[in-house]
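Remarks on the structure that follows.
Read-outs throughout are calculated quantities, based only on the coordinates presented, and are distinct from any laboratory measurement. This structure is a prediction, so every number in the text was calculated from the model and none was measured. Quick reminder, even Gly has a Cβ in these numbers, built from the backbone with ideal geometry, and neighbours come from all protein chains shown.
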Amino acid sequence: MRELKVTIYEHAKELPTILEGNYFHSPELMELCEHTPRQKPFMAVVTESDGTVVSHLLAVVYHRRSWLPPYIYMNVRVMGEGVYHVKDEEHHEQQLFGLMAEAITERMQNRALYIEFSHFSQKMFGYKELKRMGFFHVKWMNIHNSLHSRTPEERITERQMKRIEAAQERGAVTKLVETNEEFREFSKLLRHHNWLKPRRYLPADDFFRGMMESKRCRLFITKYREKVIGCCACVHSDGDLYLWYSASRRKSYAMLHPNAITIWNAMKHAHAEGMQHFRFIDVGLPFRRNIYRDFILSFGGKEVTAFRWFRISIRWVNTLASWWWRE
């Protein structure tokens with residue numbers, strides 16, 4: 001391999017020309033995070049001696065705090081393995097990934113409580129490199145619906161389809177967020193739904209407003225009698241639609257199944273737009289029994305085993321966690 005250099009950029013405007021395609025490692029998302037409170041992005045870029053860009057990877061630092069329960073800390077998250085501009089024997093993806101992951105880890109290892117890598121396209125991607133850097137893996141589950149071979153109607157369970165049809169007959173309607181008033185209702189429901197769920201990080205409204213204005217993002221709301229009872233935020237990336245955030249008033253409007261009808265219409269939108277897959281970013285914690293995961297699977301999706309990688313800055317805690325989740 002030729003002489004390579006890793007540079008970490010903190011501002012999108014300073015980036016060299018890089019490949020577009022993957023939203024989760026794009027200058028667009030970096031700039032959006034850069035202008036969102038409590039988020040700080042870092043783009044690791046690998047270049048050759050002549051300045052040719054070989055690969056890049058986006059990491060985002062989240063500043064998390066809460067009064068109930070009380071906590072304040074930072075964590076780093078990387079979604080996906082990055083983007084590789086040249087694919088040949090001289091530029092091996094695993095080695096390039098190792099260079100970028102190591103640069104991010106060295107920059108943040110004493111500043112963030114933990115670093116997380118997730119949503120790799122292959123289960124074993126980066127295994128050797130991350131193990132060498134002291135990361136431990138937790139068995140997880142990814143779920144996606146294929147939209148290219150069969151229609152959503154052919155995959156959904158009969159029981160779930162009847163629930164959705166009944167909700168539509170009663171007057172529940174899903175639409176894209178288009179006005180400021182609809183955005184306020186979207187944000188209000190999303191924050192109310194996740195108020196007592198500290199595991200789920202919610203960005204400031206600036207982030208979702210930027211998503212609404214982007215051509216690669218879609219915000220959906222479900223309304224019933226002029227009240228918003230469901231919502232979700234989705235992202236287009238590499239020909240797939242990703243469900244990133246969602247919320248609903250499932251207890252107040254249990255008979256309307258607002259979570260089901262909102263996700264269903266987002267999925268139908270993806271199919272109409274010619275997307276290849278509908279992917280769920282959050283499928284809940286990796287417990288054997290998971291009600292939310294069972295709900296997602298009712299749309300006819302496919303489960304794929306995966307690893308999520310973690311490295312905790314407190315050494316003895318990281319050692320203990322590595323032992324606990326050992327193979």
- [ ] Using only C-alpha atoms and all pairs of different ones, pull out the Kirkwood radius for region 155-215 in Å with one decimal.
- [x] 14.2 Å
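Given the Cα atoms of region 143-304, and with Rh set as the inverse mean 1/r over their pairs in the Kirkwood sense, what is Rg to Rh to two decimals?
Values: Rg = 14.8 Å, Rh = 15.9 Å.
Ratio of gyration radius to Kirkwood radius: 0.93.
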Task: Descending principal axes extents, the chain, alpha-carbon based, whole Å - done: 64, 41, 38
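Please tell me the relative contact order of region 143-304 in percent, rounded to the nearest whole number, where contacts are Cα pairs under 8 Å and at least six residues apart. Spell out each step's value before the answer.
Working: 251 pairs, mean separation 55.3, N = 162.
That works out to 34 percent.
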TODO: Tell me which residues come under 5 Å, amide H to amide H, from SER55 once H is placed; ignore anything under 5 positions away on its chain.
DONE: VAL46, HIS85
Open item on the list: Using the Cα centre of the chain as origin and beta-carbon charges of +1 (Lys, Arg) and -1 (Asp, Glu), tell me which of THR157, PRO27, MET100 is placed farthest towards the positive end of the dipole.
Closed with: THR157
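Could you work out the helix-only [θ] at 222 nm for the chain, with each DSSP H run of four or more residues adding -39,500 (n - 2.57) and the total divided by the number of residues, to the nearest 500 deg cm²/dmol?
Values: 10 runs with 101 residues, N = 327.
Counting only the DSSP helices, I get -9000 deg cm²/dmol.
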TODO: Return the FRET efficiency for the residue pair LYS302, ARG65: r is the Cβ-Cβ distance, R0 is 51 Å, and the value is rounded to the nearest 0.05.
DONE: 0.90
Open item on the list: Between LEU320 and MET124, how high is the FRET efficiency from 1/(1 + (r/R0)^6) when r is the Cβ-Cβ distance and R₀ = 25 Å? Nearest 0.05.
Closed with: 0.55
Open item on the list: Using the Kirkwood radius over C-alpha pairs as Rh, can you work out the diffusion coefficient of region 211-256 via Stokes-Einstein at 20 °C, viscosity 1.002 mPa s, in µm² per second?
Closed with: 183 µm²/s
TODO: Treat every Asp and Glu Cβ in region 143-304 as -1 and every Lys and Arg Cβ as +1, leave all other atoms uncharged, and give the resulting dipole magnitude about the Cα centre to the nearest 20 debye.
DONE: 660 debye
TODO: Please give the FRET efficiency for TYR73 paired with SER149, using the beta carbon to beta carbon distance and R0 = 35 Å, rounded to the nearest 0.05.
DONE: 0.20
TODO: Over every pair of different alpha-carbon atoms in region 4-133, take the mean of 1/r and invert it; report that Kirkwood radius in Å.
DONE: 15.2 Å
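Using Cα pairs under 8 angstrom and six or more residues apart, how large is the relative contact order of the chain, in percent? Write down the numbers at each step before the final one.
Working: 599 pairs, mean separation 68.3, N = 327.
That works out to 21 percent.
If each residue's Cβ is checked for other Cβ atoms within 10 Å, how do SER55, SER118, SER149, SER248 rank with the fewest at the top?
Values: SER55 27, SER118 17, SER149 8, SER248 24.
Fewest-to-most ranking of SER55, SER118, SER149, SER248: SER149, SER118, SER248, SER55.
Filter the trypsin sites (Lys or Arg not before Pro) in region 252-327 down to the DSSP loop ones having no more than 15 other Cβ atoms within 10 Å, then list what survives. Intermediate values should be presented prior to the final figure.
Numbers: sites: LYS268, ARG279, ARG288, ARG289, ARG293, LYS302, ARG308, ARG311, ARG315, ARG326; in loops: ARG288, ARG289, ARG326.
Passing both the DSSP loop test and the Cβ count: ARG288, ARG289, ARG326.
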TODO: Might you report the magnitude of the Cβ-based charge dipole of the chain about its Cα centre, with Lys and Arg at +1 and Asp and Glu at -1, to the nearest 20 debye?
DONE: 1940 debye
TODO: Using amide H atoms built 1.01 Å from N in the peptide plane, name the residues 5+ places from VAL177, or on other chains, whose amide H lies under 5 Å from its own.
DONE: LEU219, PHE220, ILE221
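So between ARG250 and GLU181, what do we pick up on full extension, going 0.36 nm a residue minus the alpha carbon distance?
On the way: separation 69, 0.36 × 69 = 24.84 nm, distance 2.18 nm.
Value of the extension gain: 22.7 nm.
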